[in-house]
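Notes follow the structure.
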Amino acid sequence: MKTVRRIALSVALLALLLLARSGNGQANTDCLACHGDATMQDAAGHSIAVDETKFDPSIHGAQKCVDCHSTIKGYPHPDQVTKVKCDTCHADEAAGLVGSVHADRAEHPCTSCHGNAHTIYPKTDARSNVYPLNIPKTCGNGHGNDPVAKKHGLPNVYPHHMDSIHGLALSKEGLLVAAN
C-alpha cells in the first residue's frame, strides 16, 4: 500500500513539474473567456480584447497566449503587465532594427508596421499590413504623417509615391511586382 501511494505521489509531482516547465498550462480558451469580449479595456482605457476569429488564422494563432505573455501566471493579473518581447522568437528581425529610426517607435517597433500582434498574417495574405499592395498604406502611416516626417527630418513622401508610376501601378493596376 505504501508503494502504491509513493508511486501515485511521484506521478502527481512529476505532472506538476511538467506543467510548471511548460508555462502555467493555461489554455487560450481561459484567456479568451475575458479577452474575447470586444469591450474589454485596461485601466487606461486601451482595448485588451482579442477577436478569436482573427487571432486563430493569424501567424501567432497556433501559439498559447502565455507563450508571448509569459509573465501572466493566472487571474487576477498584476496591475502592470510586462510588455511582450517579440525578439524572444524574432531575434534576427529585432537585430535588424537596432539603430534604425523604426526601432524607436513609441508604442512598439513591431506592431507599428505589422499591426496588432493578434492579427498578423503572412506577407502573402492580402489581410497582412506587409502584403505588397498594403505596404504603401502601412509605410504611409509614418512617412505620410507630417509630424512624424518632420520629427525625423524627412519629406512627406507618401503622396509623392502614390502619384508616381509605382504607386499607380500598385493602387490602380494591382501589380504586386511594382516598387512599393
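Going through region 33-61 one residue at a time, which ones are outside any loop (DSSP other than H, G, I, E, B), within 28 Å of Tyr131 (Cα to Cα) and over 13 Å from the mean Cα position of the chain (by Cα)? Residues satisfying the conditions are His35, Ser47, Glu52, Thr53. Among the residues of region 72-108, the ones that are in a helix (DSSP H, G or I), among the small types (Gly, Ala, Ser) and in contact (Cβ under 8 Å) with a residue 40 or more places away in the chain come to 0 in all.
Evaluate the following for Ala126: is it within 24 Å of Leu168 (Cβ to Cβ) and either under 16 Å from the mean Cα position of the chain (by Cα) or aliphatic (A, V, I, L, M) (or both)? It is true that Ala126 is within 24 Å of Leu168 (Cβ to Cβ) and either under 16 Å from the mean Cα position of the chain (by Cα) or aliphatic (A, V, I, L, M) (or both). No other residue among Ala62, Ala44 is out of contact with any Phe, Trp or Tyr (no Cβ under 6 Å at 6 or more places or on another chain), at pLDDT below 90 and not hydroxyl-bearing (Ser, Thr, Tyr) apart from Ala44. One residue alone among Ser58, Ser112 is hydroxyl-bearing (Ser, Thr, Tyr) and either over 30 Å from Leu168 (Cα atoms) or in contact (Cβ under 8 Å) with a residue 60 or more places away in the chain (or both), and that residue is Ser58. The listed residues are Pro132, Pro155, and the only one of them that is out of contact with any helix residue (DSSP H, G or I) (no Cβ under 6 Å at 6 or more places or on another chain), crowded, with 18+ Cβ neighbours inside 10 Å, more than 20 Å from His108 (Cα to Cα) and not aromatic (Phe, Trp, Tyr) turns out to be Pro132.
The values are calculated or read from the model by the stated rules, or taken from the named source; none is laboratory data. Since this is a predicted model, take the numbers as computed values, not measurements. Please note: Cβ atoms are built from the backbone with ideal geometry, for glycine as well, and neighbour counts cover all protein chains shown.
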